[in-house]
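S.K.: Okay, here's the structure, questions in a sec.
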Amino acid sequence: MTGTLPQAAVRGVVGRNGRDVFGCYESHGEGRGTLDLTLRVDREGVVQRVMAAGTLATQAALAQCAQEAARRWRFPAPEGDGCAEVAVPFLLGATPAE
């Protein structure tokens, strides 16, 4: 993978679509913790693969829902020649004051 995505582009896509992951948590998640998604984005900006890690990734229904949601996200074409890998961390179950 030799392509890169500018952080501003990643923030924009996650800002527009991140609520999907929070919706997955509301439907399938329990407790407080992290869900870290690693996305492989192809040359056209299509998410080809999503891997889930973090303390909440063991909740299969939550992880599967979040992975399916992230596969629908569309990014700008990566800069350079090839695919890009993007890490997107989520803190779920935290109250706003924390």
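The values are calculated or read from the model by the stated rules, or taken from the named source; none is laboratory data. Remember, it's a predicted structure, so these values are computed and weren't measured experimentally. Don't worry about glycine lacking a Cβ; one is built from the backbone with ideal geometry, like all the others, and counts go over all protein chains shown.
S.K.: Those residues that are in contact with a Lys or Arg (Cβ under 8 Å, 6 or more places away or on another chain) and either at pLDDT below 95 or within 18 Å of residue 81 (Cα to Cα) (or both), I need them from region 1-48; list them, please.
M.R.: Answer for region 1-48, where residues must be in contact with a Lys or Arg (Cβ under 8 Å, 6 or more places away or on another chain) and either at pLDDT below 95 or within 18 Å of residue 81 (Cα to Cα) (or both): 1, 3, 39, 40, 45, 46, 47, 48.
S.K.: Would you pick out the residues in region 1-22 that are touching a Gly at 6+ places or on another chain (Cβ under 6 Å) and farther than 15 Å from residue 47 by Cα?
M.R.: At the first step, the residues of region 1-22 found to be touching a Gly at 6+ places or on another chain (Cβ under 6 Å) are 1-4.
Answer for region 1-22, where residues must be touching a Gly at 6+ places or on another chain (Cβ under 6 Å) and farther than 15 Å from residue 47 by Cα: just 2.
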